[in-house]
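**Student:** Encoded as structure tokens, here's the structure I'll be asking about.
Laboratory data are not the source of any read-out in this text; all were calculated from the coordinates shown. Worth saying up front: this structure is predicted, and the values here are computed from it rather than measured. Cβ sites come from the backbone with ideal geometry, for glycine too, and all protein chains shown count toward neighbours.
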Amino acid sequence: MATPAYLSEPQIQSLARLLQEIMEGNLRLPLFQRDFVWQNNQRIDLLQSVRDGIPIGSVLIWRTATRSLQCFQGIGPHRLPERPAMEGILRSYLLDGVQRLTTLLGSIHPRTSSDPSAGPIERAIGQEWSWNLYYDLEERAFKLQEGDEEPPPTWQPLWLTLDGIGLLRFQRELAKHPGADRLINASDELVSAFRDYKIPVLAIVTEDLEQATRIFHRINSRGTPMGEFHMMQALTWSEGFDLRERLTVAKARLKEQGWEPEPEEDLFLDICKAALDLNIFEEDVEELSQRLAAAPQMIDEATDNLLLAVRFLQNECGILSAELLPSRYQLILLAEAMRTHRACANPPSDVMRHLVRWFWLTTYGNAFRAVTGNKLQRLLHHLRQLAEGKTTRAWGEPVGMFPALPERFHYRSARSKVLALHLAGLRPRDASGQPIEEPVTLLARHGADAIVPLFRGRAESANRIIVHPQQAQAMRDLLLENLLMRSSAELLASHAISPDAAKALQEQDMTRFLEVRGKTLEEMDQRFIDQLVDEEATFSRPSPGR
């Protein structure tokens, strides 16, 4: 392995020159860097530090004569040039300082009119952020323009800081205002502070890509915390494998399947961990990165298994989207079950039936509530046996008394989501008396907004009905004000409102209504549990699916 040679002394470089190096393509940002993540207050703090001459730390550069990496094509509002690699010429890549230099380049570097023939920037960092930053010369404070309103004439655009001609024009207009001398002095002081600012630049020279990415890993353990995915992006990156690009494709495949909202990248990594018997709860980036680097196809295989798990949830369990999924761990373990099942030479024909029962048993049993790494490993081991046909027990844990239907409705809880699916299975009707088309799809798209409280301010589970959010008030008016005149028996039954509960509504007895309807929901829930725990019963899911 090549030994890195560190420069004995840091080079002190002006901020203006360092930014120009980036704009000229001499200093580039490799794609294994994470995107821009700084919040507005962090950007303002950095600008204030430069203005006040406070050190903001050094930047670290990797110089190599043989490595040519794919890099970001834009930073903030700026397009970066494509510089072809030249044999024998050192290439410089930024390892540490991306958030700081992105902030400074996007804020103070002069803007140029874009070439319409150049096309969109495909890979840019910080492009979706607003870079309309100003300096209030009256208050001597940095400001971020919000909205489309024209900023006050005493707000100096920061992108004029290094633009001599643009700054001169601005100051000429400034001279027309009262107190012009004071304002122009404030402008000059700001510009001098940025133009005179110096930054230490450290360089490491090595031809070893793995060593460079591991240095990136070490130095990024400080500052703004990086997620496991960003570390994996750096440690697995090579000229033939880009984890970010692989997962972008994987997310697109999930979206085509209708599985939304878009999952975090860590979901794919956790599926890989499950396949490798690694602890899902631990960020073992060293171990996982080595395994992925040796077998990068593992990400594609994880995506294939994830898609199979998603189709299983949609078609067999009526879970049409991630919005309806009780626990993300169920999806991770089901993806591993699909991998195990596919690897079987002669898979049993009834495995899917057992997996359906496993899904609902773990949901009703709150198996993933406050789950530990050891318990998750036990669940995973049992599910593998189930997928291989080595056991027919749907759940490795003893089936006892399930918790009662929660009195209060919390949409994020597993049992409340099951209640929503039960109500969707009744094919609820809207205020016009017509069945709601695809009620489970309505839940998948609108989440908690599609299962609304009938009485405002009451949190009981018995107070929830399924309706399109735009029709929620119409349903309240119908059920609470015009019940006898307009509500049919079919409409009431479609919302689990029994005749006794309807009578309580008619008498405006809210307490009695919630009590009676609550018992109806409990009975409906118990019927489902009874067939769930009976291994010989013909099991049916609680919702009609799509």
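**Student:** Along the charge dipole of the chain, Cβ charges K/R +1 and D/E -1, which of Phe194, Ile165, Pro428 sits furthest on the positive end?
**Tutor:** Result: Pro428.
**Student:** Let me ask something else. Which order do peptides 427-438, 347-358 fall in by mean Cβ count within 10 Å, highest first?
**Tutor:** 347-358, 427-438
**Student:** Now for a different question. Between 0 and 90 degrees, rounded to the nearest ten: what's the tilt of helix 265-275 against the longest Cα principal axis of the chain?
**Tutor:** The angle comes out near 60 degrees.
**Student:** Quick one: net charge of Glu262's neighbours, Cβ under 11 Å, K/R +1, D/E -1?
**Tutor:** -1
**Student:** Treating only the Cβ atoms of Lys and Arg (+1) and Asp and Glu (-1) as charged, compute the dipole magnitude of the chain about its Cα centre; round to the nearest 20 debye.
**Tutor:** Dipole magnitude for the chain comes out near 360 debye.
**Student:** On a 24 Å Cα-Cα criterion, which of the cross-link pairs Lys251/Lys390; Lys273/Lys375; Lys251/Lys375; Lys417/Lys519 come out too long?
**Tutor:** Beyond 24 Å: Lys251/Lys390; Lys251/Lys375.
**Student:** Now for a separate question. Extent of segment 357-458 along each principal axis, from alpha carbon coordinates, in Å, largest to smallest?
**Tutor:** Largest to smallest, the principal-axis extents are 52, 29, 24 Å.
**Student:** Can you run the Rg to Rh ratio on segment 23-171? Use alpha carbon positions and the Kirkwood inverse-distance Rh.
**Tutor:** Dividing the radius of gyration by the Kirkwood radius yields 0.99.
**Student:** Step through the residues of segment 442-459 one at a time and calculate ³J(HN,Hα) from phi using the Karplus curve (6.51 cos²θ - 1.76 cosθ + 1.60, θ = phi - 60°), rounding each to whole Hz and writing x for Gly and Pro.
**Tutor:** 3J(HN,Hα) across segment 442-459, in whole Hz: 4, 5, 4, 7, 10, x, 4, 5, 9, 10, 9, x, 6, 9, 5, x, 10, 9.
**Student:** What does the helix-only formula give at 222 nm for the chain: each DSSP H stretch with n ≥ 4 adding -39500 (n - 2.57), the total divided by the residues, and the result rounded to the nearest 500 deg cm²/dmol?
**Tutor:** Mean residue ellipticity at 222 nm (helix-derived): -14500 deg cm²/dmol.
**Student:** Another question, then. What size of dipole, in debye to the nearest 20, comes out for segment 414-533 about its Cα centre when the only charges are +1 on Lys and Arg C-beta atoms and -1 on Asp and Glu C-beta atoms?
**Tutor:** Charge dipole of segment 414-533: 200 debye, to the nearest 20.
**Student:** Compute the angle between helix 98-108 and the longest alpha-carbon principal axis of the chain, please, reported from 0 to 90 degrees and rounded to the nearest 10.
**Tutor:** With both axes taken from Cα atoms, the answer is about 60 degrees.
**Student:** What is the dipole size for segment 238-388, taken about its Cα centre, with +1 at each Lys and Arg Cβ and -1 at each Asp and Glu Cβ, in debye to the nearest 20?
**Tutor:** 740 debye
**Student:** Label points 7 Å out from Cα along the Cβ direction at Arg512 and Glu189: separation in nm?
**Tutor:** 7.6 nm
**Student:** Determine, for each peptide in 337-343, 302-308, the mean count of other beta carbons within 10 angstrom over its residues, then list the peptides with the highest first.
**Tutor:** Put in order of decreasing packing, that is 302-308, 337-343.
**Student:** All other residues with a Cβ under 12 Å from the Cβ of Gln506 taken together, and with Lys, Arg as +1 and Asp, Glu as -1, what is their net charge?
**Tutor:** The answer is -2.
**Student:** Hey, could you grab the Kirkwood Rh for segment 414-533? Inverse mean 1/r over distinct alpha carbon pairs, Å, one decimal.
**Tutor:** 14.3 Å
**Student:** What angle do you read, to the nearest 10 degrees and between 0 and 90, between the alpha-carbon axis of helix 164-174 and the longest principal axis of the chain?
**Tutor:** Helix 164-174 sits roughly 80 degrees off the main axis of the chain.
**Student:** If one computes the Cα centroid of segment 435-464 and of segment 328-347, what distance in Å separates the two points?
**Tutor:** 32 Å
**Student:** How much space per residue, in cubic angstrom, does the convex hull of the C-alpha atoms of the chain take up?
**Tutor:** In the chain, the Cα convex hull volume per residue is 212 Å³.
**Student:** Another question about this same structure. Considering only Ile75, Pro261, Ala450, whose Cα is most displaced toward the positive end of the charge dipole of the chain, charges sitting on Cβ of Lys, Arg (+1) and Asp, Glu (-1)?
**Tutor:** Ala450
**Student:** Taking Cα pairs under 8 Å and at least six residues apart, what relative contact order does the chain come out at, in percent?
**Tutor:** 12 percent
**Student:** I need to check one value: relative contact order of segment 252-314, counting alpha carbon pairs closer than 8 Å and at least 6 residues apart, in percent.
**Tutor:** Relative contact order of segment 252-314: 41 percent.
**Student:** Which Rg and Dmax, in Å, describe the Cα atoms of segment 302-382?
**Tutor:** Over segment 302-382's Cα set, Rg and Dmax evaluate to 12.3, 36 Å.
**Student:** Same structure, new question: I'd like the distance between the alpha-carbon centres of segment 138-188 and segment 252-302, rounded to an integer number of Å.
**Tutor:** So the two Cα centres are separated by 49 Å.
**Student:** Then there is this: Kirkwood Rh, Cα Rg: Rg to Rh for segment 238-388?
**Tutor:** Result: Rg/Rh = 0.95.
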